[in-house]
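**Student:** Can you read through this structure? Questions will come right after.
The values are calculated or read from the model by the stated rules, or taken from the named source; none is laboratory data. This structure is a prediction, so every number in the text was calculated from the model and none was measured. Note that we place each Cβ from the backbone using ideal geometry, even for glycine, and neighbour counts take in every protein chain shown.
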Amino acid sequence: MGLGPSFIDPLVTISPQPLTDTHEIEAVVIGAGVVGLACARALALRSREVVVLERAGAIGTETSSRNSEVIHAGIYYPQGSLKARLCVAGRAALYDFLETRKLPHKRTAKLIVAGDAAEAQALEGIAGRARANGVNDLRALTGAEARALEPALRAEAALLSPSTGIVDAAALMLALRGELEDEGGAIAFNTEFLRAERGADGFAVDAGGTRLTTRLLVNAAGLRAARVARAIDGLDADHVPELHFARGNYFSCASRAPFSRLIYPAPSGDGGLGVHLTFDMGGGARFGPDVEWIEESETPDYTVDAARGDAFYAAIRRYWPALPDGALAPAYAGIRPKLAKGESDFSISGPEAHRVPGLVNLFGIESPGLTASLAIADEVVGMLEDP
């Protein structure tokens with residue numbers, strides 16, 4: 001198996017031992033991925049005493065560290081969906097966060113490419129969705145106009161998204177962790193949430209050798225969010241959805257990709273955005289993800305089957321015909337928790353929905369969760385604010 005994005009290894013560090021005994025804390029967040037860190041930071045900035053429980057020995061070891069690192073504009077999602085609203089708000093907040101803190105990112109722009117007349121017509125629907133979501137900077141291009149920007153491109157037509165970019169996800173998560181800790185918050189590594197019992201004044205949380213009493217509980221456990229929710233006493237099972245798991249495989253490119261913008265095909269409708277071309281912060285090209293439906297596992301399998309590269313060549317050559325034979329190599333894989341096998345939204349379930357005071361569950365937080373993380377955190381805090 002190849003290594004993932006450059007930020008995976010630096011986050012695997014020697015970590016403190018789990019907490020022991022019993023502790024009283026105002027807010028507990030389960031999961032130290034980008035969304036959990038953003039939620040914990042937002043609570044800490046509002047003077048809440050916060051502890052994050054993380055079963056791994058480092059931050060961001062799963063979905064947050066195995067993705068395309070793209071800052072999405074908010075183009076594809078149905079009007080009124082959480083993904084649409086929180087991606088657009090989150091993108092603005094994220095760019096501001098990155099710029100004010102001088103964290104590594106680039107506004108690369110991207111082209112959404114139609115390979116034939118039917119896909120060109122589909123781009124019109126995508127542009128309409130984007131406008132409905134408040135994304136007003138898309139520009140429709142003819143094939144010739146697209147090739148003038150990217151001469152190696154094959155395209156019948158395209159949409160140009162100037163506000164799409166890329167981010168160093170490691171730097172983002174480290175900054176969120178730093179600001180959380182600056183505000184007095186803490187992360188308990190190697191500390192797995194086991195169960196929570198609802199009491200008169202909050203929750204008694206069992207985290208394996210650690211017992212916490214807390215008034216506020218945020219389930220940002222990502223791949224394990226449904227499993228965590230089922231272990232919260234007093235939460236009706238009707239409020240715990242079934243999650244579906246999509247493994248996305250990525251391939252690196254030995255040849256220099258002759259593009260300066262991200263290249264996305266028209267969406268295929270299989271639950272992903274097609275095999276697209278993105279760049280890491282060093283300019284290295286990578287292709288993916290595809291969509292491979294898998295069963296839930298206690299130990300996620302991130303192995304990339306080299307044989308899947310055959311389908312990658314065919315998909316990539318629809319927009320880059322000159323991709324050389326033998327240029328692709330297995331790179332890394334990530335797993336996305338989804339609420340449906342196809343188009344699906346986020347679910348952020350608070351006390352108004354499930355009638356358990358002080359609890360917010362986050363389900364199906366996949367792409368564009370990285371982009372939307374700061375806006376998701378504000379949404380969660382709003383649900384927990386005292387009436």
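**Student:** Could we say that Leu159 is part of a strand (DSSP E or B) and either modelled with pLDDT of 95 or more or in contact with a His (Cβ under 7 Å, 6 or more places away or on another chain) (or both) here?
**Tutor:** On the way: part of a strand (DSSP E or B): yes; either modelled with pLDDT of 95 or more or in contact with a His (Cβ under 7 Å, 6 or more places away or on another chain) (or both): yes.
Yes: the conditions hold for Leu159.
**Student:** Also, quick follow-up: Can you tell me which residue in the stretch 39-94 is farthest from Ala122 (Cα to Cα), limited to those that are part of a helix (DSSP H, G or I) and among the β-branched types (Val, Ile, Thr)? Write out each step before concluding.
**Tutor:** Filtering the stretch 39-94 for residues part of a helix (DSSP H, G or I) gives 39-45, 63-65, 82-94.
Pick out the ones that are also among the β-branched types (Val, Ile, Thr) and you get 63, 88.
On the way: Thr63: 29, Val88: 22 Å.
Within the stretch 39-94, the match that is farthest from Ala122 (Cα to Cα) is Thr63.
**Student:** Then there's this: Is one or more of the residues making up the stretch 344-359 surrounded by fewer than 24 Cβ atoms within 10 Å (Cβ to Cβ), more than 14 Å from the chain's Cα centre (by Cα), modelled with pLDDT of 95 or more and more than 29 Å from Asp233 (Cα to Cα)?
**Tutor:** Within the stretch 344-359 (the criterion being surrounded by fewer than 24 Cβ atoms within 10 Å (Cβ to Cβ), more than 14 Å from the chain's Cα centre (by Cα), modelled with pLDDT of 95 or more and more than 29 Å from Asp233 (Cα to Cα)), the answer is no, since none of the residues qualifies.
**Student:** For the stretch 139-148, give me each residue that is surrounded by fewer than 19 Cβ atoms within 10 Å (Cβ to Cβ) and either within 29 Å of the chain's Cα centre (by Cα) or assigned to a loop (DSSP other than H, G, I, E, B) (or both).
**Tutor:** Here is the first cut: in the stretch 139-148, the residues surrounded by fewer than 19 Cβ atoms within 10 Å (Cβ to Cβ) are 139-140, 142-145, 147-148.
Residues satisfying the conditions are Arg139, Ala140.
**Student:** Please specify each residue of the stretch 166-212 satisfying the condition of being farther than 18 Å from Thr61 by Cα, modelled with pLDDT of 95 or more, assigned to a strand (DSSP E or B) and touching an Asp or Glu at 6+ places or on another chain (Cβ under 6 Å).
**Tutor:** Across the stretch 166-212, the qualifying residues are Ile166, Arg195, Glu197, Ala204.
**Student:** In the stretch 213-230, is there at least one residue being among the hydroxyl-bearing types (Ser, Thr, Tyr), modelled with pLDDT of 95 or more and surrounded by 20 or more Cβ atoms within 10 Å (Cβ to Cβ)?
**Tutor:** Our first condition is that a residue be among the hydroxyl-bearing types (Ser, Thr, Tyr); within the stretch 213-230, this holds for 213-214.
Pick out the ones that are also modelled with pLDDT of 95 or more and you get 213-214.
Then keep just the ones that are surrounded by 20 or more Cβ atoms within 10 Å (Cβ to Cβ); that gives 214.
Yes - at least one qualifying residue is present in the stretch 213-230.
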